[in-house]
Amino acid sequence: MTKQDLQIKTRDGTAKAGLFRSAKTSPAKAGIILYQDAFGPRPALDGMAERLAGEGYAVLVPDLFHRNAPYGPFDAKTAFTEEKTKAALMALVTGTTQEMTISDSAAFLEAFAGEGVTGPIGTVGYCMGGARALNAAAAYPDRIKAVASFHGGNLASDAADSPHRKAASIKARVYVGMAGVDRSFPPEQSTRLEEALRNAEVDHTIENYVGMAHGWCVPDHGVYNEAGAERHWKRLTALFAETLI
């Protein structure tokens, strides 16, 4: 497995990113953008990217908080329980708008092309990254063929930039894995997202991971659940295997 450190020029500055590829698969058959959770790029996400790259993809993990770099690092197990780090995290999350990430995503897609990855693209996001993965699919429907969100928050909120409002622009297949109980994605939002995707005739699945808490997929999170994470890997790799061809 190889990791290449990239400096990606965006409209608002330079974003650091890791590009992961397997030496066994050259060139990569397709690309995947992994949109971070609230704690930013770190070894836990690198490990997840490596696992995806092992399936034959080029996997990009960009820093969505690059406008505020340097920051952190944060301990995913404690950052939201300590007032100082919680305030710093929330400032990063709220200060990085959906429109900023949508704009950055154009540069992320160009970075793939610059590295010789010209096949179809998938996106996957965790926590705050879930909505961004969906909004990217809506903004770049001719490039992004599959999108997944796991414990994504505010996927169908009242906000003007809520992903469900752009469902009609999505051409990708969509998979949403929701935590059993998640204040950031309550049942009424799940219903609203389902209705929006269905009305837009988007090929989609919304699955409830009963018993899982927000963050269960990411190995350095305090609520990480190995069985639930393996179930997520099964769904995610199947989605990409069936669409990024």
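The values are calculated or read from the model by the stated rules, or taken from the named source; none is laboratory data. Note that the coordinates shown come from a computational prediction; the quantities given were computed from them, not determined experimentally. Backbone-built Cβ (ideal geometry, glycine too); neighbour counts: all protein chains shown. Areas reflect the complete protein model, heavy atoms only, side chains present, ligands, DNA and RNA absent. Shrake-Rupley method; radii C 1.70, N 1.55, O 1.52, S 1.80 Å.
Results, tabulated for the structure shown:
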| quantity | calculated |
| --- | --- |
| Search result, residues across the stretch 75-94 that are open to solvent by less than 50 Å² (accessible area, probe 1.4 Å), closer than 18 Å to Tyr126 by Cα and either free of Cβ contacts under 8 Å to residues at least 40 places away in the same chain or in a helix (DSSP H, G or I) (or both) | Leu89, Leu92, Val93 |
| Matching residues, the stretch 95-108, being among the β-branched types (Val, Ile, Thr) and part of a helix (DSSP H, G or I) | Thr101, Ile102 |
| Residue match in the stretch 213-224 (condition: surrounded by 19 or more Cβ atoms within 10 Å (Cβ to Cβ), in contact (Cβ under 8 Å) with a residue 60 or more places away in the chain and of a type in the set (Val, Ile, Thr)) | yes |
| Residue check for Ala49: out of contact with any Ser or Thr (no Cβ under 9 Å at 6 or more places or on another chain), part of a helix (DSSP H, G or I) and either hydroxyl-bearing (Ser, Thr, Tyr) or crowded, with 23+ Cβ neighbours inside 10 Å (or both) | yes |
| Residues that are farther than 19 Å from Ala133 by Cβ, without any contact (Cβ under 8 Å) to a residue 60 or more places away in the chain and not basic (Lys, Arg), drawn from the stretch 13-49 | Gly13, Thr14, Ser22, Ala23, Thr25, Ser26 |
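Residues checked against (1) at pLDDT 95 or above; (2) within 21 Å of Asp220 (Cα to Cα):
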| position | (1), (2) |
| --- | --- |
| Pro73 | no, yes |
| Glu83 | no, yes |
| Thr96 | yes, no |
| Thr118 | no, no |
| Met128 | yes, yes |
| Gly152 | yes, yes |
| Ala159 | yes, no |
